[in-house]
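One structure is given below, encoded as structure tokens.
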Amino acid sequence: MTAQIGEGRIPGGSNEGQTLFDHEHLATTLGTEFVSRFFRLLRGATIYDRNNELIDRLTQDCLQAINPVIKSEGNLLLKIIQDNFFLNNNRIPVKADKYTFFKSFSKEMEKRWIGELEFSGEVSGKILKDFVFILSPLEGSDESNYLYVQKELESRGIQGIRVGKLEFFKDNKPYADSEEQKQYAKEIYFRSIDLVKEVMEGVKSQKLLNIRKAKHLMQNAVNSIMQDESTLLGLANIKNYDEYTFNHSVNVAIYAIGLGERLGFPKKILSHLGMAGLFHDIGKTRIPSEILNKTEKLTSEEWTMIRAHPVVGAEIVMRVKEWGELSTRMIDAAFEHHLKYDLTGYPKLARKRNITLFGRIIALVDFYDALIRPRVYRRYPYVSEKILGLMLEHAGKDFDPALVKVFINMIGIFPLGTLVLLNTNEIGIVVQIQEEPELIERPKVCLLYYTDGEYRKGKIVDLKEMDEGTGTYIRSIVRTIDPNEYNIHVAEFLI
Ligand SMILES: [Fe+2]
Ligand SMILES: [Fe+2]
């Protein structure tokens, strides 16, 4: 006998009390199904009334994801902990194409301060509707919302549904003062730059390296990105002319963590990605700074030296013992980050080998960061659209095409900190990317106005806002502007 969920069938016999689903299937397929259907129903309930036909359909869809699990497992428990989802205590791995969907769902639940839903008995359409229509209008980020829901359920005689409060780790409250969070992210960013500097200089003078501190910083960076990626990504997007290598290393770490998060990596692996990013160019410590900073054309010997930095880097990494379990990944990232997806690039390989996922991630984000910022020999950097275009063009050849897609989604066509001209003739700076991929062209923008000889911060506008009368967008981006042309220091407006 098989139970049916949507188009997919669930394998297995159904003897009473016997578990039908293996854990992976439970979390991956059924967990994703449940969250998708429940969220659609919840959203539907904010728009339509309970007698609407669409609500009926969404309710039925959702029941089909709930009841088979209850039948097999006895209950269905969804827990949300720090943007991670668990179905009956198995983590639901979130695929990249579902990332924004899950993120919006967790935001919706966060708003209601609800972190647990449990069904422990077969659910009927009427009961599910009752429940969703109690849940949907909740607002005001009230910590005791869950008690209110419990009471409402009781008063209607509904048993077998329970909600729980959203729990946060101690320095991890929702809406924790966002200013505070920004400051924290900023601190991590600049401390990481100092640390890379310290470690790189330590390599040169053969001092002991402070790897523990680096690991700790990367764990903090992961937490900060998981809470709110905009500040760290924003900092990484700011083009800084000084101390290229240090800045670049931290940016590569941040982009790599952000990308890994979207691929659903667990926290530990994310912090490893951060470490790999932080020290991918460690081999450059052996290249004299005159060569690194040379503005004239490089001689062929100098090129050879530069091209040796991945191998030199891998050697340096190998000699350091403190990496512990990180060691292989650090070596991979250092060695592979200038290899292309089709195995061209450098170092030249004696025999074909697969590039590791770590290597592919670091190579991609390294390319982006290297082109987006001004260098001694390239005063004006490429604009982001151009680089993302290049990436798409070279996807499958130079870069892993799947990673390119996820990366572009993360950065947006107009990354944080991009200076843009709007159709209203206003100019502004992109300060927030929309969650929904289809709104990638409609970020939130901080308007700038010119007064007393300088640009100042104006209000923040949301480009997805429409004029109700005409049904058209109020503002749209016409094109990006080079901040150098207008003498605008983007960093001052972004942080
Ligand atoms: Fe490099
Ligand atoms: Fe690099």
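The values are calculated or read from the model by the stated rules, or taken from the named source; none is laboratory data. All values reported here derive from a predicted model rather than from experimental measurement. Ideal geometry is used to build each Cβ from the backbone, glycine not excepted, and the neighbour counts take in all protein chains shown. Surface areas here come from the heavy atoms of the whole protein model, side chains and all, with no ligands, DNA or RNA. Shrake-Rupley method; radii C 1.70, N 1.55, O 1.52, S 1.80 Å.
Residue-by-condition table, conditions (1) in contact with a helix residue (DSSP H, G or I) (Cβ under 7 Å, 6 or more places away or on another chain); (2) under 24 Å from L273 (Cα atoms); (3) modelled with pLDDT of 85 or more; (4) of a type in the set (A, V, I, L, M):
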| site | (1), (2), (3), (4) |
| --- | --- |
| N354 | no, yes, yes, no |
| S384 | yes, yes, no, no |
| L403 | yes, yes, yes, yes |
| F407 | yes, yes, yes, no |
Filtered residues of the stretch 447-471 (kept if more than 28 Å from the chain's Cα centre (by Cα) and either within 18 Å of Q434 (Cα to Cα) or among the aromatic types (F, W, Y) (or both)):
Y449, Y450, Y455
How many residues does the stretch 301-326 contain that are within 16 Å of ligand 2 (Cβ to nearest atom), within 18 Å of M275 (Cβ to Cβ) and of a type in the set (V, I, T)?
2
With the first residue restricted to the stretch 44-63 and required to be charged (D, E, K, R), and the second required to be open to solvent by 70 Å² or more (accessible area, probe 1.4 Å), Cβ contacts under 7 Å at 6 or more apart or on different chains are none
Which members of the stretch 68-84 meet the condition of being out of contact with any strand residue (DSSP E or B) (no Cβ under 7 Å at 6 or more places or on another chain) and buried (at least 19 other Cβ atoms within 10 Å of the Cβ)?
S72
Give the residues of the stretch 335-353 that are away from ligand 2 (no atom under 16 Å from the Cβ) and among the aliphatic types (A, V, I, L, M), sorted by residue number.
L343, L349, A350
Looking at the stretch 416-439, which of its residues are modelled with pLDDT under 85 and either out of contact with any strand residue (DSSP E or B) (no Cβ under 7 Å at 6 or more places or on another chain) or over 16 Å from V490 (Cβ atoms) (or both)?
I433, Q434, E435, E436, P437, E438, L439
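For every residue, the table says whether it meets (1) within 14 Å of ligand 1 (Cβ to nearest atom); (2) of a type outside the set (V, I, T); (3) assigned to a helix (DSSP H, G or I); (4) more than 27 Å from the chain's Cα centre (by Cα).
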{"residue": "V317", "(1), (2), (3), (4)": "yes, no, yes, yes"}
{"residue": "K321", "(1), (2), (3), (4)": "no, yes, no, yes"}
{"residue": "D332", "(1), (2), (3), (4)": "yes, yes, yes, no"}
{"residue": "L343", "(1), (2), (3), (4)": "no, yes, no, yes"}
{"residue": "A350", "(1), (2), (3), (4)": "no, yes, no, yes"}
By my count, strands (runs of 3 or more DSSP E) wholly in the stretch 73-149 with at least 1 residues that are over 16 Å from T59 (Cα atoms) and small (G, A, S) are 114-119
Please verify whether the stretch 227-242 includes one or more residues that are over 18 Å from the mean Cα position of the chain (by Cα), at pLDDT below 80 and within 14 Å of T285 (Cβ to Cβ).
no
For the stretch 262-271: of the residues being crowded, with 19+ Cβ neighbours inside 10 Å and in contact (Cβ under 8 Å) with a residue 60 or more places away in the chain, which is nearest to the chain's Cα centre (by Cα)?
R262
Looking at (1) part of a strand (DSSP E or B); (2) open to solvent by 80 Å² or more (accessible area, probe 1.4 Å), which is the only condition T470 fails?
(1)
Hits in the stretch 184-194 - residues which are touching a residue at least 40 places away in the same chain (Cβ under 8 Å) and either in contact with a Leu (Cβ under 8 Å, 6 or more places away or on another chain) or not in a helix (DSSP H, G or I) (or both):
A185, K186, I188, Y189, S192
Can you tell me how many residues in the stretch 101-131 are farther than 24 Å from E143 by Cα and open to solvent by less than 30 Å² (accessible area, probe 1.4 Å)?
3
Residues of the stretch 276-307 being farther than 25 Å from I254 by Cα, within 14 Å of ligand 1 (Cβ to nearest atom) and open to solvent by 40 Å² or more (accessible area, probe 1.4 Å), which ones?
W303, M305
Failed item in (1) away from ligand 1 (no atom under 16 Å from the Cβ); (2) without any contact (Cβ under 8 Å) to a residue 12 or more places away in the chain; (3) not charged (D, E, K, R), with L388 passing the rest
(2)
